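Accompanying notes for the structure given below.
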Amino acid sequence: MRNNDGDTMTLIEVQDIKKDYPSHHGTISIINGVSFDVADNDFVAIIGPSGCGKSTMLRIIQGLERPTSGEVRFRGKPVLSTCNEMAMVFQSFALLPWLSIKENVAFGLVARGWTPEKINAQVDRYISVTGLVGFEEAYPRELSGGMRQRVGLARALAVEPAVLLMDEPFSALDALTAEGLREEVLQLWRDPDLPPEAVALVTHNIEEALLMADKIVVLSHRPSRVLAVVPVTLPRPRDRKSDAFYELTDYLYSLITEGAPGPGPAGKALPEGTATPAAGAGPVAPADDPPPTPDASG
Ligand code: ADP
Ligand code: MG
């Protein structure tokens, strides 16, 4: 997925996105001015409490939903409708139960009008890449959660998206399965011959974000704002037992629960340029949702 030529370019610009929904009492503000970038070769995690609009944000990025105001740009152009260069992996897998695994993986390609030969070759490739060989003719109901999510991943990768959007992709899996699949996604990500060029992973799981991402966008309770953008420069594979990992977990946890950017890990300010608290980010109103868990075990 990665090219190692050292060039980076901004793929996605999220610019001052606001999103309101109608409610009994007028409108309810979910996202209140969120901005961040996703560069070529970025693995960005977006974390925040449940209900803060993370899924909504991903749908807005892909163009499935329009923001109330603000703009998403992809390669410099405004995203005004569904962007074909992005693909989504869902927490609920979102497979079509009446289609075989092979047909599920082919789904997006059929919609793009590819020839049957080209579709078959592509489906075989991504069935193989995601460890689904032998399950081509099975149906989703016959597969475990982990295997179903492999299908979700294969279906998304098969369209060779520039950007892979992942919405809590491991949250419905048991701890061991989630751990294994996270590692496999990272292996695919390291492969320079595979798409995508960038990943945006939504999670409420701080440890998961730290295990996977190069950059973490921390959102507040709704109406969400960016509390900080935290680069993660820990060496890979990440050691969750290291002091640095523990300190960053603690830092992110207090950032979200207390709602204001404070000092960095171990009471030290994060190095210049490594964290960019959003302008005006301050204490946020408590919400009825539980705080995110620092535990990546499930
Ligand atoms: P998250 O993924 O961070 O948990 P969501 O993006 O799913 O948050 O939703 C944020 C809030 O927006 C929730 O309170 C949800 O009920 C509300 N919401 C999401 N979609 C709609 C919609 N289509 N109409 C009204 N409210 C919505
Ligand atoms: Mg969600």
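The single residue among ARG155, ARG141 that is under 23 Å from PHE43 (Cβ atoms) and at pLDDT 95 or above turns out to be ARG155.
If LEU201 passes every condition in (1) within 14 Å of ligand 1 (Cβ to nearest atom); (2) at pLDDT 95 or above; (3) part of a loop (DSSP other than H, G, I, E, B) but one, which one does it miss? Exception for LEU201: condition (3). You will find that of ALA178, ALA209, ALA172, the residue that is of a type outside the set (Ser, Thr, Tyr), within 18 Å of the chain's Cα centre (by Cα), more than 25 Å from SER35 (Cα to Cα) and within 16 Å of ligand 1 (Cβ to nearest atom) is ALA172 and no other. For the range 57-89, the set of residues classified as of a type in the set (A, V, I, L, M) and in contact with a Pro (Cβ under 6 Å, 6 or more places away or on another chain) consists of ILE60, MET86, ALA87, VAL89, listed by residue number.
Kindly evaluate THR8 against the criterion of being over 16 Å from PRO223 (Cβ atoms) and in contact with a helix residue (DSSP H, G or I) (Cβ under 7 Å, 6 or more places away or on another chain). No. Looking across LEU210, LEU186, one residue alone is surrounded by 22 or more Cβ atoms within 10 Å (Cβ to Cβ) and either at positive phi or in a helix (DSSP H, G or I) (or both). It is LEU210. Considering the conditions (1) among the β-branched types (Val, Ile, Thr); (2) out of contact with any Ser or Thr (no Cβ under 9 Å at 6 or more places or on another chain); (3) closer than 30 Å to ASP250 by Cα; (4) in contact (Cβ under 8 Å) with a residue 40 or more places away in the chain, VAL185 is excluded by exactly one of them, (4). Of all residues in the range 27-46, those being within 16 Å of the chain's Cα centre (by Cα) and in contact (Cβ under 8 Å) with a residue 60 or more places away in the chain number 12. Selection within the range 54-82: residues that are without any contact (Cβ under 8 Å) to a residue 60 or more places away in the chain and within 16 Å of ligand 2 (Cβ to nearest atom). The member of this set that is nearest to ILE17 (Cα to Cα) is ILE60. I'd like the full set of residues that are surrounded by fewer than 18 Cβ atoms within 10 Å (Cβ to Cβ) and not aliphatic (A, V, I, L, M), limited to the range 86-102. Scanning the range 86-102 gives SER92, PRO97, TRP98, SER100.
Taken together, GLY113, GLY108, GLY33 contain a single residue that is in a strand (DSSP E or B) and more than 16 Å from ligand 2 (Cβ to nearest atom), which is GLY33. Picking from residues in the range 189-207 that are within 16 Å of ligand 2 (Cβ to nearest atom) and under 20 Å from SER242 (Cα atoms), the one that is surrounded by the fewest Cβ atoms within 10 Å (Cβ to Cβ) is ASN205.
Among the residues of the range 83-93, those that are out of contact with any helix residue (DSSP H, G or I) (no Cβ under 7 Å at 6 or more places or on another chain) and within 16 Å of ligand 2 (Cβ to nearest atom) comprise GLN91, SER92.
The values are calculated or read from the model by the stated rules, or taken from the named source; none is laboratory data. Quick caveat, the model's predicted, so the values are computed rather than measured. Every residue, glycine among them, receives a Cβ derived from its backbone with ideal geometry; neighbour counts consider all protein chains shown.
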